[in-house]
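Everything on this sheet refers to the single structure shown next.
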Amino acid sequence: MEADPRFAGFVAERGQALLRYGYVLAGNPHDAADLVQEALLKLRAAWPRLRAKDNPESYVRTTMARLHTATWRLRRRELLAWDLPEHGHHDVLPHGDEQAMWQALAGLPRRQRVVLVLRYYEGLSDAEIATTLGISRGTVRSQASRGLDKLRAAMPAHGPMSVGNEYEERR
């Protein structure tokens, strides 16, 4: 099978954005890189039928979210640590005041973190999140509510970032 230059171009153009998305999902750069690699392998296999579509990135992001959730289901436990990554991932790490928010996000249970990432980072609706993760809309709402409560508890009330205000506005 010959390599499609459009696939290579897609990876070169969107690779860093996918790595950042993986970092938001997984909470560490090593798992983020694994998610991106696995998702791009699946994309490569599906490329002949997806290349004509307008948004192969959507396919990759959905695949990454599902892979992340599937790993959670298998392990049910996870130890996240705030370790500095190897060089090369500098642009993925949060800086300044954002670090506290990222640490609080990384401390959430996996499903709550995925729901919040899909809602606030990807901008998906509850129905889209439910479809992506294969769960009910009620589960999406309860996981988002619990995750936001934990983030609020972990963040100072007067800090520079407010947690979940736009969620309250959407209710």
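The values are calculated or read from the model by the stated rules, or taken from the named source; none is laboratory data. A quick note: this is a predicted structure, and the numbers were derived from the prediction, not measured. Here Cβ is always computed from backbone atoms with ideal geometry, including for glycine, and neighbour counts include all displayed protein chains. Ligands, DNA and RNA are stripped out before the accessible areas are found, and what is left, the full protein with its side chains, is counted by its heavy atoms. Shrake-Rupley method; radii C 1.70, N 1.55, O 1.52, S 1.80 Å.
Per residue, how large is the accessible surface of the stretch 11-70? Use a 1.4 angstrom probe and give square angstrom.
47
Pop the C-beta distance of ALA127 and GLU57 into the FRET formula with R0 = 25 Å and round what comes out to the nearest 0.05.
Working from the Cβ atoms, E equals 0.80.
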